[in-house]
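Working notes for the structure below.
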Amino acid sequence: MFSRERRTRLFDGCQAALVWLAVLASVVADREVERLALAAMAAVALAAAFVALCPAAPAPSLRDASPTTREDESHVL
């Protein structure tokens, strides 16, 4: 189970990866690279769909919540 914030960041990362892979597939002239980019797009789309459909983890109670450090805030994934 992923927290809501983590699901959002992962979904946004998948969207960014899909955009870059689409650009790669449309710019490259090599047919094999284009197929590989399209296959990677399918895999990323499946990962994004899984994250979107995965149930959210329950929010931690105030007693269980630990203080957030600056390192935690800068961590991307």
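Nothing charged except the Cβ atoms of Lys and Arg (+1) and of Asp and Glu (-1): what's the magnitude of the dipole of segment 1-52 about its Cα centre? Round to the nearest 20 debye.
Computed about the Cα centre, the dipole is about 260 debye.
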For A47 and S3, calculate 0.36 nm times their separation in residues minus their Cα-Cα distance, and state this gained length in nm to one decimal. 14.3 nm
Over the alpha-carbon set of segment 1-52, work out the extent along each principal axis and list the three values in angstrom, largest first. 40, 14, 9
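Quote the relative contact order of segment 1-52 in percent (integer), defining contacts as alpha-carbon pairs under 8 Å separated by 6+ residues.
On the way: 33 pairs, mean separation 23.8, N = 52.
Relative contact order for segment 1-52 comes out at 46 percent.
We did not get these values from a lab; they are worked out from the coordinates using the rules stated. Treat the numbers as computed from the prediction; the structure is a model and nothing was measured. Counting neighbours? That spans all protein chains shown, and the Cβs are built from the backbone with ideal geometry, glycine included.
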